[in-house]
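J.: Questions regarding the structure given below will be posed in turn.
The numbers here are math on the coordinates, done by the rules we state, and not lab data. Everything numeric in this text was worked out from a predicted model, so none of it was measured. Every residue, glycine among them, receives a Cβ derived from its backbone with ideal geometry; neighbour counts consider all protein chains shown.
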């Protein structure tokens, strides 16, 4: 098999015998003609299969080392599809630091449809094992969590899950297959918000599920085709276009994160930095067992005696105050007021979200400019 | 290179873009690819631009579809899709050399006159104006230097109507090599096909009725003569102001409803004109209508 970077650039060819187009065309047709009645055709209706979507699905299956992949209109549509393969009465162990939108779909949607969930800190294998019940069907977790970047090695959860005859489902949004391929470490299903690193340009909402094994793939395909939350042909093309530069972007993003962290380490009043890609910081040893790097997101805590965090985020110029992550442009977020605002202050503190916690999603700009931006914002935020 | 299509106008536009490519999509895929694989060196070296694709400036599948569809609708030999209506005007006038003369109708889109003045100032190409009335006056304006006669019918804004066949006959009697070019933006091929009435070249601002949704800029040129088609092709790929694949795809999509839209435009315009004819403060209203 060709190397990873080669597979980023070369999509499986879909139509090359017709025109030779180097970029897979955007098949906008909703329906496909049968040459004659009873003919075996690959495509008949665009919800069931589309050549442009199929190209990026085959590519993602290859990049994650899975058998088949399915793309959806958003990350949440992908997560929904991965969980919709279960039935009422099934129980799933979930990470207690997973993305808030996943919590919402779990507790406000699937719970009402008869699924049961137990949330645990997946870094604690004993806690995960203790949560497994006779009707447990899967462990769903994020190998690196948001915004505290807690690391759970995939192989540990996968081995435990398989010992109990259940599935390991991994949300790999935070690392992407460039940095971690959970299926190679025993996971059975991988989900992505492809809106983040995979598409990488803040211009496509997309999700993906990558499955190991035909049986599991068929269950996910059934949901994709039956419910139809598919990714449009144009967005499939934009996603594929983003994937081509995945490794270039992540390499630059990680370089920039490291440069910013070196700068922050020298500043007074930075209480803590969360980034498992740095050998000096928590999670590094666990991350390095399986992943090539920690990605472009890191968090830090401003000492609230020294800095006003609200003034800090309001004073940044290059870092846009916006949700999402993983794109070419840098973003910043204040979890206590934005992503985790629904939690009470007490719940926030239990979850490790302090008022001074800042989450950076670093882009591919010049590191010196990003550091200068943070420097001037820190100066303005000084009490 | 576009064969005559005997199907009705409505059928041609409804079927535009329905292709057989293995997947048999009913709507043509959008080919954003800038370049195209050649199966081997021999095919790359002896590449046939009429059969295949090599580079998106030269041709794209989507542009080829919209160009072929318009060539059919205008009953011409080849169509060219460019980035704007003015790019189409420029393409048509690319046959002119310093010292050449053009006879033009005196009531045209202002952008045309602006470009005519540019050609006069920079290349000493002379433009003579005809008022669209007596053919004797037109004949008097022709000279051995005349290369092209430019018409717009109906004209904008005065709605002058010109008999294309009579003009083409008069011009070609004088010299069959003079090109008669007609801007058909106002009627579209749904109401008027200048190439069937003796004209040599048809021009469109596709931004108007052909596009019809105020979401694409485009220009179309359709010609009858293969030699002229080749000249325009060489010029287009040299200047490179071609219509993008996406705009070509959208324009093809727009064409499918062109008959419906034109019928409604005409019905609505007629009602408004009837209203204005009753209105006490309107001195004159002009409407030209074909086929209803």
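J.: Return, for the Cα atoms of the stretch A:224-309, the radius of gyration and Dmax in Å, separated by a comma.
T.: Cα radius of gyration and Dmax of the stretch A:224-309 are 18.2, 56 Å respectively.
J.: Percent relative contact order of chain A, based on C-alpha pairs within less than 8 angstrom and at least six residues apart?
T.: Reported as a whole number, the value is 16 percent.
J.: Counting only C-alpha contacts under 8 Å and six or more residues apart, can you give the relative contact order of chain B as a whole percent?
T.: 23
J.: What's the long-distance tail for the protein assembly as shown, i.e. % of Cα pairs beyond 39 Å?
T.: Counting every Cα pair in the protein assembly as shown, those more than 39 Å apart make up 50 percent.
J.: Just tell me how shielded B:16-22 is by partners: mean number of partner chain Cβ atoms within 10 Å of each residue's Cβ, no decimals. List each step's numbers first, then the result.
T.: Values: counts 0, 2, 2, 3, 3, 8, 10.
Other-chain Cβ atoms within 10 Å of each residue's Cβ, averaged: 4.
J.: Follow-up question, since we're still on this one. Can I get the semi-axes of the stretch A:77-163's equivalent ellipsoid? Compute them from the C-alpha gyration tensor as square roots of 5 times the eigenvalues, in angstrom, largest first.
T.: With the √(5λ) rule applied to the stretch A:77-163, the semi-axes are 19, 16, 11 Å.
J.: Here's another thing I want to ask about it. Quick one, what does Rg over Rh come out to for the stretch A:267-319 if you take C-alpha atoms and the Kirkwood Rh? The partial results should precede the final answer.
T.: Working: Rg = 13.7 Å, Rh = 12.8 Å.
Looking at the stretch A:267-319, the ratio lands at 1.08.
J.: Right, next: Over its Cα atoms, what ratio of radius of gyration to 2.2 N^0.38 Å does chain A give?
T.: 1.01
J.: Where does the stretch A:1-151 land on Rg/Rh, using Cα atoms and the Kirkwood Rh? Show your work: numbers first, answer last.
T.: Details: Rg = 20.0 Å, Rh = 18.6 Å.
Using only Cα positions, Rg/Rh for the stretch A:1-151 is 1.08.
J.: In a solvent-free Debye calculation with one equal scatterer on each Cα, what is log10 I(q)/I(0) for the stretch B:191-292 at q = 0.16 Å⁻¹, listed in the order of the q values?
T.: Those come out to -0.89, one per q.
J.: Within 10 Å of each Cβ in peptide A:87-93, how many partner chain Cβ atoms are there on average? Round it to a whole number, please. Don't skip to the answer; put the middle values down first.
T.: Working: counts 0, 0, 0, 0, 0, 0, 0.
The per-residue average across the peptide is 0.
J.: Please report, in cubic angstrom per residue, the volume enclosed by the convex hull of the alpha-carbon atoms of the stretch B:1-71.
T.: 107
J.: Plugging the Kirkwood radius over Cα pairs into Stokes-Einstein for chain B, at a temperature of 10 °C and a viscosity of 1.306 mPa s, what D comes out in µm²/s?
T.: Diffusion coefficient, whole number: 79 µm²/s.
J.: Assuming 0.36 nm per residue, please report the length gained on full extension of the stretch residue B:43 to residue B:156 beyond their Cα-Cα distance.
T.: 35.9 nm is the gain from fully extending residue B:43 to residue B:156.
J.: As a test, work out the antiparallel percent of DSSP beta bridges whose residues both lie in the protein assembly as shown, rounded to the nearest 5. Each step should come with its number before you reach the end.
T.: Details: 41 of 76 bridges.
Antiparallel bridges: around 55 percent, rounded to the nearest 5.
J.: Hey, another quick one. Under the definition of partner shielding as Cβ atoms of other protein chains within 10 Å of a residue Cβ, what is the mean value for peptide B:57-66? Intermediate values should be presented prior to the final figure.
T.: Values: counts 0, 0, 0, 3, 5, 2, 0, 1, 0, 0.
If you average over the peptide's residues, the count of other-chain Cβ atoms is 1.
J.: Right, something else. Based solely on C-alpha atoms, express the radius of gyration and the Dmax of the stretch A:132-181 in angstrom.
T.: Using the Cα atoms of the stretch A:132-181, the pair Rg, Dmax is 11.6, 36 Å.
J.: Using all Cα-Cα distances in the stretch A:276-355, what percent lands in each 5 angstrom bin from 0 up to the longest?
T.: Each 5 Å bin holds this share of Cα pairs: 3, 12, 18, 20, 22, 17, 7, 1.
J.: May I pose another question? In angstroms, what radius of gyration and Dmax does the stretch A:18-69 have, counting Cα atoms only?
T.: 12.9, 37
J.: Using alpha carbons only, how many angstrom separate the centre of the stretch A:224-286 from the centre of the stretch B:216-236?
T.: That distance is 49 Å.
J.: Would you mind getting the Kirkwood hydrodynamic radius of the stretch B:71-157 from its Cα pairs, rounded to one decimal in Å?
T.: Working: mean 1/r = 0.0713 Å⁻¹.
Roughly 14.0 Å, rounded to one decimal.
J.: Separate question: For the stretch B:43-112, compute Rh as the Kirkwood radius over C-alpha pairs and then the Stokes-Einstein diffusion coefficient at 10 °C and 1.306 mPa s; write the answer in µm²/s, rounded to an integer.
T.: D = 107 µm²/s.
J.: Can you give me the angle between helix B:258-278 and the longest principal axis of chain B, using Cα atoms only, in degrees from 0 to 90, rounded to the nearest 10?
T.: 20
J.: Related question: Taking the Cα-to-Cβ direction at residue B:264 and at residue B:191 and moving 7 Å from each Cα, how far apart do the two end points lie in nm?
T.: Going from the residue B:264 label point to the residue B:191 one covers 1.7 nm.
J.: From the gyration tensor of the Cα coordinates in the stretch B:56-207, what semi-axes in whole Å does the equivalent ellipsoid have, largest first, with each one equal to sqrt(5λ)?
T.: Working: eigenvalues 116, 66, 43 Å².
Computed over the stretch B:56-207, the values are 24, 18, 15 Å.
J.: If you build the convex hull over the alpha carbons only and average its shadow over all orientations, what do you get for the stretch A:237-383? Give it in nm² to one decimal. Working shown, then result.
T.: Details: hull surface 37.9 nm².
Value for the stretch A:237-383: 9.5 nm².
J.: I would also like to ask the following. Show me, bin by bin at 5 Å from 0, the whole-percent P(r) of the stretch A:173-212 based on Cα pairs.
T.: All Cα pairs considered, the percentages come to 7, 25, 30, 22, 11, 5, 1.
J.: Under 16 Å from a point 7 Å along the Cα-to-Cβ line of residue A:317: which residues of the stretch A:351-383 have their amide N that close?
T.: Flagged as within label range: A:365-381.
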